[in-house]
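In what follows, a single structure is set out as structure tokens and then discussed.
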Amino acid sequence: MTRPLLEVRELKTHFSIGRRGFMRRKSVLRAVDGVSFSIHEGEVLSLVGESGCGKSTVGRTLTHLETATAGTAMLDGRDILNLSPAAFRPLRRDIQMIFQDPFASLNPRLSIEQMLAEPLFIHGLARDRSEARERIAATLELVGMDANSMSRYPHEFSGGQRQRIGIARVMILTPRLVIADEPVSALDVSIQAQVLNLIKRLQRESGMSMLFISHDLGAVRHISDRVAVMYGGRLVETGMKRQIFETPRHAYTQRLLASIPRLGKRIG
């Protein structure tokens, strides 16, 4: 088997919590506490678990939005966790993130054109404004947006449209690895499936790898190749999608799957 695109080993991300009361020591929140997994080229690995289990912190640590306490993350054979901000900057084109809240992740002061042109110029993918506009227009059409919308601002769009713009901002750099952190959970139920199908189509057409972070097991079942189940900062089970959903081994995975609402069945 070929070497994984991303190989994470014993990743730990801890946070210090302030003292409570006089003469008390600071405590430590072990948000991620020894997580290991790998993602191959073109593969979608879903990271699932209840809220607060640390799954979003994994994604934020891999993109340097949080600082790792320990561990390694080899991206194409290079440890990205121990790189300085300046050394990691060129790699941001290869590893991009789709955020949960599309409105909070878009700069309200920038037009869509300005927002999508910025990464092109930073990474040297456009020589001038005309070339940037052509690439922006093509990318907006790729995600189902009108190219004429590039002069508008984030507040002028619906939640689903804003998430499409966020996806366009990622896809315009043609990344090798995308970390999608609850990308449809903040959207109306009526458009969640549309955006999820868009992400799945783009992943298949581009061949990019993906770490899909979600508590929505329906979405996970739809998009995944493999599934990793997280509980209390640790992985408790990893396997192919079919194995996890049909023959889960760990008690927590079994209870997580049992919590899926089903018509005509009572949940204990």
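Probe radius 1.4 Å, ligands and nucleic acids ignored: give me the carbon and sulfur share of the accessible area of segment 185-268 as a rounded percent.
Reported share for carbon and sulfur atoms: 51 percent.
What value in Å³ per residue do you get for the convex hull of the alpha-carbon atoms in segment 96-174?
Taking the convex hull of the Cα positions in segment 96-174, it is 81 Å³ per residue.
For a 22 Å ceiling on Cα separation, which of these pairs sit above it: Lys200/Lys241; Lys12/Lys241; Lys12/Lys55?
Lys12/Lys241
Considering only Arg201, Arg135, Arg109, give the residue with the highest GNM mean-square fluctuation for the chain, with springs between Cα atoms whenever their separation is below 10 Å.
Arg109
Highest GNM mean-square fluctuation, the chain, Cα pairs closer than 10 Å: which of Thr13, Thr67, Thr247?
Greatest mean-square fluctuation among the candidates belongs to Thr247.
With runs of 4+ DSSP H residues as the only contributors, calculate the mean residue ellipticity of the chain at 222 nm using -39,500 (n - 2.57) per run, divided by the residue total and rounded to the nearest 500.
-9500 deg cm²/dmol
Under a GNM of the chain (C-alpha, springs under 10 Å), which listed residue has the highest mean-square fluctuation: Ser84, Ser38, Ser209?
Per the Cα network of the chain with a 10 Å cutoff, Ser84 tops the list.
Local charge sum around Ile39 (other residues, Cβ-Cβ under 12 Å, Lys/Arg +1, Asp/Glu -1)?
So the environment of Ile39 carries a net charge of -2.
Taking each full run of DSSP H in the chain as one helix, which ones are at least 15 Å long along their axis (Cα atoms) and have mean Kyte-Doolittle hydropathy of at least 0.0?
Those that clear 15 Å and a mean of 0.0 are 112-122.
With an 8 Å cut-off on Cα pairs and a minimum separation of 6 or more residues, tell me the relative contact order of the chain in percent.
Once normalised by length, the contact order is 25 percent.
How far apart, in nm, are two points set 7 Å out from the Cα along the Cα-to-Cβ line at Leu29 and at Phe15?
Using points 7 Å along Cα→Cβ, the separation is 0.3 nm.
What FRET efficiency comes out for Ser151 versus Arg127 if R0 is 22 angstrom and r is the Cβ-Cβ distance? Round to the nearest 0.05.
So the FRET efficiency works out to roughly 0.55.
When every alpha-carbon pair in the chain is counted, what percent end up more than 24 Å apart?
Considering the chain, 52 percent of its Cα-Cα pairs are separated by more than 24 Å.
DSSP beta bridges in the chain, what fraction antiparallel, as a percent rounded to 5?
Bridges in the chain that DSSP calls antiparallel: roughly 55 percent.
The values are calculated or read from the model by the stated rules, or taken from the named source; none is laboratory data. A quick note: this is a predicted structure, and the numbers were derived from the prediction, not measured. Cβ atoms come from the backbone with ideal geometry, glycine included; neighbour counts cover every protein chain shown. Heavy atoms of the whole protein, side chains included, go into the accessibility calculation; ligands, DNA and RNA do not. Shrake-Rupley method; radii C 1.70, N 1.55, O 1.52, S 1.80 Å.
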